[in-house]
1. For region 22-41, does any single residue satisfy the condition of being open to solvent by 50 Å² or more (accessible area, probe 1.4 Å), under 25 Å from the mean Cα position of the chain (by Cα) and more than 30 Å from L189 (Cα to Cα)?
2. Give the number of residues within region 218-267 that are touching a Cys at 6+ places or on another chain (Cβ under 9 Å) and open to solvent by less than 30 Å² (accessible area, probe 1.4 Å).
3. Check region 192-204 and report whether any residue there is within 23 Å of L153 (Cα to Cα) and either outside any helix (DSSP H, G or I) or hydroxyl-bearing (S, T, Y) (or both).
4. Can you confirm whether V177 is open to solvent by 10 Å² or more (accessible area, probe 1.4 Å), in contact (Cβ under 8 Å) with a residue 60 or more places away in the chain, among the β-branched types (V, I, T) and closer than 24 Å to I60 by Cβ?
5. Have a look at D100, D75, D106 and point out the one that is exposed (fewer than 15 other Cβ atoms within 10 Å of the Cβ), at pLDDT 85 or above and charged (D, E, K, R).
6. Kindly evaluate L276 against the criterion of being of a type in the set (A, V, I, L, M, F, W, C), within 22 Å of Y155 (Cα to Cα) and out of contact with any Phe, Trp or Tyr (no Cβ under 6 Å at 6 or more places or on another chain).
7. Given A70, A49, A40, A92, which one is assigned to a helix (DSSP H, G or I) and modelled with pLDDT of 90 or more?
Amino acid sequence: MAVGAAGFVLAPGWPWALAAAFLGGLGFGGSDYGLNQLFAVGFERRSPAMLNVLNAHFGIGAVLGPAALAALGPDRWAYAFAGCAVLSGALALSTRGVSDAPGSPDRAGMPKATRRPGLLRSPLFLGFVALYALNVGVEAGVGGWEPTHLESLGYSSAASATSVYWLMLTAGRFLVVRLALRWTPERILTVCGAGMTACLLPALLPGAAAVAYAGVGLFIAPVFPTGLPWLHRALPSARSAGAWVIAASMAGGVAAPPLLGLGIERSGVAAVPVLLALLSAAALAVTVRLARRARTGAAAGGTAQPLGATSPNS
């Protein structure tokens, strides 16, 4: 991230700027996965709550970053990227004290990480991949198509309504922290999936659309951070599962808006809430299916660990 941000400032032309942005993006993606992985395995029973706190701060940064650029103005954007380079360099130095504990699974006689071919054929793993791809698809779809839909309904402040959606997504992660200490991840995700779907249907009504989209942001907020501890509990020996699932979620975020655009070309802008509700309903169905498999595995004495089990990485 540090080299990419500094390279973007110093790039003599567009190809070099793109290369620097690509390098910075690789660094950010690795940091995103690393932080989520550390929080997922390092806080034991509190992992769902702490992951929501972590991802809420991601949301704060997503709101403050564009605001800072707007305040600086286009002539001073280079200072913003230079500041990011300095902060990223400091972050690299601060991670020197972070490492696997001596009792990590591979070192303490625990099962080795599941090999990639076996993991990719696991129905449980594929279910989590589908769950994350669908949920992030809904998240990106609302963020990308909400302004267009609201403008078609006559809203004059569609951009402001979209900002409220992202703010609700950030606030929802703070609000669920205490709930995550009492409810299981599968229960939280089931409630969130039902809430998302229920909120998308009133978005068809002109007078309720903006509030409905804000409700979607509130319910979708806990899904990404709360699902990771559930994944690690369900597949405790598959240490690479989190990386694959996060990559799948990013793929869903990239693919969903243009695919929704194809459906909108055929059905019209008014179909935006219906198409998003179908994605949300599919995500809810996958969540219910995963929860049933988890209960069946626990009843059969499977390998899934209880939520409060002691983590070998603590």
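1. Step one: list which residues in region 22-41 are open to solvent by 50 Å² or more (accessible area, probe 1.4 Å), which gives 22-23, 26, 28, 33, 35, 38.
Remaining after also requiring under 25 Å from the mean Cα position of the chain (by Cα): 22-23, 26, 28, 33, 35, 38.
Filter once more, keeping what is more than 30 Å from L189 (Cα to Cα): 22-23.
Checking region 22-41: at least one residue is open to solvent by 50 Å² or more (accessible area, probe 1.4 Å), under 25 Å from the mean Cα position of the chain (by Cα) and more than 30 Å from L189 (Cα to Cα).
2. If we filter region 218-267 for residues that are touching a Cys at 6+ places or on another chain (Cβ under 9 Å), which is where we start, we get 218-223, 226.
Subsequent filtering for residues that are open to solvent by less than 30 Å² (accessible area, probe 1.4 Å) retains 220-223, 226.
Adding up the residues that qualify gives 5.
3. yes
4. Numbers: open to solvent by 10 Å² or more (accessible area, probe 1.4 Å): yes; in contact (Cβ under 8 Å) with a residue 60 or more places away in the chain: yes; among the β-branched types (V, I, T): yes; closer than 24 Å to I60 by Cβ: yes.
Taking the combined requirement at face value, the residue satisfies it.
5. Working: D100 fails: at pLDDT 85 or above; D106 fails: at pLDDT 85 or above.
That would be D75, the only listed residue that is exposed (fewer than 15 other Cβ atoms within 10 Å of the Cβ), at pLDDT 85 or above and charged (D, E, K, R).
6. Values: of a type in the set (A, V, I, L, M, F, W, C): yes; within 22 Å of Y155 (Cα to Cα): yes; out of contact with any Phe, Trp or Tyr (no Cβ under 6 Å at 6 or more places or on another chain): yes.
Here the answer is yes, as L276 does meet what is asked.
7. Values: A70 fails: modelled with pLDDT of 90 or more; A40 fails: modelled with pLDDT of 90 or more; A92 fails: modelled with pLDDT of 90 or more.
Going through A70, A49, A40, A92 in turn, the sole match is A49.
Yes/no per residue for (1) assigned to a helix (DSSP H, G or I); (2) in contact with a Leu (Cβ under 6 Å, 6 or more places away or on another chain); (3) acidic (D, E); (4) at pLDDT 90 or above:
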residue	(1), (2), (3), (4)
F128	yes, yes, no, yes
E139	yes, no, yes, yes
L150	yes, no, no, yes
G154	no, no, no, no
T162	yes, no, no, no
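The values are calculated or read from the model by the stated rules, or taken from the named source; none is laboratory data. Keep in mind that this is a model prediction, so the values were computed, not measured. Backbone-built Cβ (ideal geometry, glycine too); neighbour counts: all protein chains shown. Surface accessibility is based on the protein's heavy atoms, side chains included, excluding ligands, DNA and RNA. Shrake-Rupley method; radii C 1.70, N 1.55, O 1.52, S 1.80 Å.
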